[in-house]
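Below is one structure; the comments refer to it alone.
Please treat every number below as a calculation from the coordinates, not as lab data. Everything numeric in this text was worked out from a predicted model, so none of it was measured. Cβ sites come from the backbone with ideal geometry, for glycine too, and all protein chains shown count toward neighbours.
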Amino acid sequence: MAAKRCGKRNMVMETGLWAAAAVCALVYLFQTAQQPGSVRSITKTASVAALALAALLGDASLLLVAALGLCALGDYFLSREGDASFRAGVAAFAAGHLVYAGLFLTRAESNADLLIQMPGAGVLVLLMVLGLIMARVLAPRAGELQGPVLAYIPIILGMGAAALTLPFGTWVFAAACAFMLSDMVLAAETFVLGQSHPLRRITPYAVWPLYWGAQAGFVAIFS
């Protein structure tokens, strides 16, 4: 009976954390184009940190919890100003992507042979071509951040490749694609688009739903 009550309490807490994460994500959507500040940083970080706690309460893999925690840390750093914060954010997200790749590859249904079979092989080639294009476009524009940016590209695409080892029907690759696309739009906003470019009015509102939706998708799939 006690175990049953404990399980029900955990379920209520997990649902509450999901609700808190969704509310914070919605609030941050309206803050995303604002100037950096403490409230904005807390809202952004809490949007994913609450998902990590929900996954932990739901007895999800510790790899999922760790990946979410690292991404929440990355969110905090990227919400601050300065190159040092940017480097720390990129490092945290790179680590998060590597942990996600480990999560995908250690699943019982993971099958590396899917990478050399169609359609996985074709998608893998597209990812490699995309990586080369991103490197070509970003390298001359990243300045002193060129090293971290170029190192990040194979890591994020490697996470996508790891997702290809799982059956397509699981929706894992769709969530991974949303994650990768959010990174690409953010990179374009940061390094390619000029300050007065009209697309900068909408890029923040594209990045955040793609990114948070991917994180929520991973939690829903693996919890």
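Counting every pair of alpha carbons in the chain, the share spaced more than 27 Å apart comes to 34 percent.
The stretch between S61 and V125, if pulled fully straight at 0.36 nm per residue, gains 20.1 nm over its current Cα-Cα span. Ranking G74, L115, L29 by Cα position along the charge dipole of the chain, where only Lys, Arg, Asp and Glu carry charges on their C-beta atoms, puts L29 farthest toward the positive end. Taking only the Cα atoms of region 114-187, the ratio Rg/Rh comes out at 1.01, with Rh defined as the Kirkwood radius. In a shell of Cβ-Cβ distance under 11 Å around V27, excluding V27 itself, what net charge do Lys and Arg (+1) and Asp and Glu (-1) give? With Lys, Arg at +1 and Asp, Glu at -1, the neighbours total +2. Largest mean-square fluctuation among G143, G102, G160, in a Gaussian network model of the chain whose springs join Cα atoms under 10 Å apart, belongs to G143.
With springs connecting C-alpha atoms under 10 Å apart, model the chain as a Gaussian network and identify which of A19, A50, A108 has the largest mean-square fluctuation. Per the Cα network of the chain with a 10 Å cutoff, A108 tops the list. Taking every DSSP helix (H) stretch of at least 4 residues in the chain, weighting each as -39,500 (n - 2.57) and dividing the sum by the residue count yields a mean residue ellipticity at 222 nm of -25000 deg cm²/dmol.
Mean-square fluctuations from a GNM of the chain, with a 10 angstrom spring cutoff on Cα atoms, peak among L166, L26, L114 at L114.
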